[in-house]
Amino acid sequence: MILKCPKCGAAMEQGFLLDVGHANAGRQSQWVAGEPEASFWLGLKVSDRPVLEVTTLRCTRCGFLESYAR
């Protein structure tokens, strides 16, 4: 199935947004339920919350990005 860009109608290609974590290790972006809450130690609290990986589609013509958490 070829997905079409909702902006210009060109083909969309699948990819992901890269997050950089501890020791510059690359990882796929994630969606976390709720409002961001600072951790006492470092970063944000995410325990006991749903966490989903984010897949992003990019238009091959205009560059429009569309992201999905799954």
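A short reminder: the numbers here are calculations on the coordinates, not readings from a lab. Everything numeric in this text was worked out from a predicted model, so none of it was measured. FYI the Cβ positions are ideal-geometry reconstructions off the backbone, even for glycines, and counts take in every protein chain you see.
Points to keep in mind about this one:
- Take every Cα pair under 8 Å whose residues are at least 6 apart in sequence, average their separation, divide by the length of segment 29-70, and the relative contact order is 37 percent.
- Counting neighbouring Cβ atoms within 10 Å and putting the fewest first, the residues Ser29, Ser39 line up as Ser39, Ser29.
- Pairs of Cα atoms nearer than 8 Å and 6+ residues apart set the relative contact order; for the chain it is 34 percent.
- Global size of the chain as Cα Rg and Dmax, reported in angstrom: 15.4, 46
- Going from the fewest other Cβ atoms within 10 Å to the most, the residues Ser67, Ser47 appear in the order Ser47, Ser67.
- Under Karplus coefficients 6.51, -1.76 and 1.60, residue-wise ³J(HN,Hα) of segment 53-70 in Hz, glycine/proline x: 6, 9, 9, 10, 9, 10, 6, 6, 9, 9, x, 4, 10, 9, 10, 9, 9, 8
- A cut-off of 5 Å between modelled amide H atoms, ignoring neighbours fewer than 5 places along the same chain, links Ser29 with Leu17, Asp19, Val54.
- Listed from fewest to most Cβ neighbours within 10 Å, the set Lys45, Lys4 follows the order Lys4, Lys45.
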